[in-house]
Amino acid sequence: MSSALLKRFKSRRPSHLPESDCARDTSKPPVTARQRCWRYIKPMFDFWQSLLAALERIVMLPSLIHSVFPSLAARKRMRDGAVRTYDRTMDDLLRELQRLFETPLEPEKLLHMSGKLQEQFAPKLQVSDICMLPSYNDKLPTGLEQGTYLALDVGGSTFRVAVVELNGKKPAAKSMRIVTMKSYKIDDAVRHLRGTAFFEWMAEKIETSISDPQVKKVNGTTSFGMGLAWSFPVEQTSIRSGNLLAMGKGFRATEGTLGQDLSELIMAQCRKRNLPVHMESIVNDASATLLSRAYEDPATRFAVILGTGFNIAAHLPVSALASSKYKGYPQKWLDEASHVLVNTELSMFGKNVFPTTRWDESLNENHVRPDFQPFEHMISGRYMGELVRLVIVEAVSTAGLFSGELPAKFQEPYSLETGTIAAIEMDSSKNFTQAIALFQSKHPLSRPPTYSDISFVRKASQLVSHRAAAYLASGIHSLWSLRIQSEGLAPQDAGRLAIGCNGSVIEKYPLFRELCQSHLNELTMASGAQPNLISLEVAVESAIFGAAVAVCCLDA
């Protein structure tokens, strides 16, 4: 701002005055016209010289400008009677935010990012043991399958056991119905169960769930086919088995069991209790979401998980992946399968693809695993709140947000939850009274935030979340392009494709799914496809329904 003012004042600096104006007094001949002119010019010249010198000092010391130009008082913010001076105004910072977060979102730039992602896919489709991982699930449901199954869903904080009824296209019946479901909290005491003790706890809860009279009425004495949605890494060895890998998140179940068959670890404890169950299928949460949505919409080929974390499952031609990816697969499977469910682990892609800001770079540099999941860092619920926190910390110190007072908790990384910025975005009232009250309750200040303060936080949140939605659209487009190329299709010949969606961000964050859908429409049309070709569809209770559908696909 100071340099801009300096340039403006330099442009107003006088160069010369017309000689006719300087030669009117001829009463004293010994004095030349040039001398007479200088008598009038010198005071003005001195004034401009001193003003220019002052402005040059202002460039080095912005606080001086307030004594000269009261109109710039916007840079002064007062709290508790103390006046502080800041490097820039809130509007200056907001304009920079808009430039950094909105410029990359033009369709041609997002298309370029999609192309760069496809370049990153190529080597991982050939060789990688951490991404682009094929499963043993090769069939999608027809939507006509019927049966009753026991669905297990193991997540980071909850273990759910449900009896699920699949009714196909029965008239006057829901296609999928949860007959009964019980939920068990996984607290620290459960996370710290070592080795087989964790699976013994699981078997105990399964026994409690199927002892319900309502369950016995449904299934009688018949053995339940179980489908397991496992939200942790597993090295799958068949449709119903897989080697246990490190679970993270404080779980100690892998102590002494790492590398053992997950299915057998669960079934051994169930057999001890004589439970009428048998393991039929193991899927991850993304595959479960795809299967559950495909049961109701046969056009489903992708599933997006976007909550705290991020992943996409894709139904791709077997030929899209190198034959080395199927090492150890039964020959019968290789002979019969034309397509396969692929766990893309898309969160790991995107380094040097997506334009970043200094706040993205700060987040990455201070992360426990820098560069491990660059895509996830820019779009998931774990990180959007943190990006806004980093913006706010800078805004407080350099532009006087909250009159220069930083909320105490904001010194801690990840102290601003994405749920909080979502709620602030949702407040569309005239004075943002709900947003102000919410922020003050979670992050108290000596005085509540002003309307201008919360307006800035809200706009910063919108910029972060909009960019996330656009980048997700670019990621989906890259996988769509991979799929149609693998199928030998041109964009204009590609059919409708549905995407099952699950997770707090893509389901509940205000306007997130709508913004992503809008960008997707632009990208597919720019690629030569028909309008509205791809649709984002919420998959309700996808882990539970998907675990059951995975079993029913085996019966088809």
Quiz item: Taking into account only those residues within region 441-470 that are open to solvent by 10 Å² or more (accessible area, probe 1.4 Å) and of a type in the set (D, E, K, R), which is farthest from the chain's Cα centre (by Cα)?
Solution: R447
Self-check item: Residues within region 398-425 that are touching a residue at least 24 places away in the same chain (Cβ under 8 Å) and either touching a strand residue (DSSP E or B) at 6+ places or on another chain (Cβ under 9 Å) or assigned to a helix (DSSP H, G or I) (or both), tallied
Solution: 18
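Filter region 374-396 for residues that are farther than 19 Å from R99 by Cβ and either aliphatic (A, V, I, L, M) or in contact (Cβ under 8 Å) with a residue 40 or more places away in the chain (or both) and give the result. Let's see the steps before the verdict.
Taking region 374-396 first, the residues farther than 19 Å from R99 by Cβ are 374-377, 379-386, 389, 393, 396.
Across region 374-396, the qualifying residues are F375, E376, I379, S380, G381, R382, M384, V393, V396.
May I ask you to say which residue of I206, I210 is open to solvent by less than 30 Å² (accessible area, probe 1.4 Å), over 32 Å from the mean Cα position of the chain (by Cα) and modelled with pLDDT of 95 or more?
Details: I210 fails: modelled with pLDDT of 95 or more.
Being open to solvent by less than 30 Å² (accessible area, probe 1.4 Å), over 32 Å from the mean Cα position of the chain (by Cα) and modelled with pLDDT of 95 or more holds for just one of I206, I210, which is I206.
Let me confirm something: among L334, L363, which residue is free of Cβ contacts under 8 Å to residues at least 60 places away in the same chain, open to solvent by 60 Å² or more (accessible area, probe 1.4 Å) and not polar (S, T, N, Q)? Lay out the reasoning, then the answer.
Numbers: L363 fails: open to solvent by 60 Å² or more (accessible area, probe 1.4 Å).
That would be L334, the only listed residue that is free of Cβ contacts under 8 Å to residues at least 60 places away in the same chain, open to solvent by 60 Å² or more (accessible area, probe 1.4 Å) and not polar (S, T, N, Q).
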Practice problem: May I ask you to list pairs of residues, at least six apart or on different chains, whose Cβ atoms are under 8 Å apart, with the first in region 247-264 being touching a residue at least 40 places away in the same chain (Cβ under 8 Å) and the second being assigned to a loop (DSSP other than H, G, I, E, B) and among the aliphatic types (A, V, I, L, M)? | Solution: R252/L193; A253/L193; A253/M247; T254/L245; T254/A246; T254/M247
Self-check item: Candidate set from region 381-435 (those that are farther than 30 Å from V304 by Cα and of a type in the set (K, R)); member that is most open to solvent (accessible area, probe 1.4 Å)
Solution: K430
Quiz item: Do we have any residue at all in region 513-529 that's within 30 Å of R160 (Cα to Cα), outside any helix (DSSP H, G or I) and either open to solvent by 40 Å² or more (accessible area, probe 1.4 Å) or in contact with a helix residue (DSSP H, G or I) (Cβ under 8 Å, 6 or more places away or on another chain) (or both)?
Solution: no
Quiz item: Could you list, in sequence order, the residues of region 85-102 that are in contact (Cβ under 8 Å) with a residue 12 or more places away in the chain, open to solvent by 30 Å² or more (accessible area, probe 1.4 Å) and within 23 Å of the chain's Cα centre (by Cα)?
Solution: Q98, L100, E102
Quiz item: In region 341-376, how many are assigned to a helix (DSSP H, G or I), touching a strand residue (DSSP E or B) at 6+ places or on another chain (Cβ under 6 Å) and hydroxyl-bearing (S, T, Y)?
Solution: 1
Self-check item: Some residue of region 236-252 being surrounded by 20 or more Cβ atoms within 10 Å (Cβ to Cβ), polar (S, T, N, Q) and outside any strand (DSSP E or B)
Solution: no
Exercise. Report whether or not R496 is modelled with pLDDT of 95 or more and surrounded by 18 or more Cβ atoms within 10 Å (Cβ to Cβ).
Key: no
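Within region 126-149, can one find any residue that is in contact with a Phe, Trp or Tyr (Cβ under 6 Å, 6 or more places away or on another chain), surrounded by 20 or more Cβ atoms within 10 Å (Cβ to Cβ) and aliphatic (A, V, I, L, M)?
Quick first cut of region 126-149, residues in contact with a Phe, Trp or Tyr (Cβ under 6 Å, 6 or more places away or on another chain) only: 141, 143.
Now drop any that are not surrounded by 20 or more Cβ atoms within 10 Å (Cβ to Cβ), which leaves 141.
Now drop any that are not aliphatic (A, V, I, L, M), which leaves none.
Among the residues of region 126-149, not one is in contact with a Phe, Trp or Tyr (Cβ under 6 Å, 6 or more places away or on another chain), surrounded by 20 or more Cβ atoms within 10 Å (Cβ to Cβ) and aliphatic (A, V, I, L, M), which makes the answer no.
The values are calculated or read from the model by the stated rules, or taken from the named source; none is laboratory data. Remember, it's a predicted structure, so these values are computed and weren't measured experimentally. A quick note on method: Cβ atoms are made from the backbone with ideal geometry, for glycine too, and the neighbour counts reach across all protein chains shown. These accessible areas exclude ligands, DNA and RNA; they are computed on the full protein's heavy atoms, side chains included. Shrake-Rupley method; radii C 1.70, N 1.55, O 1.52, S 1.80 Å.
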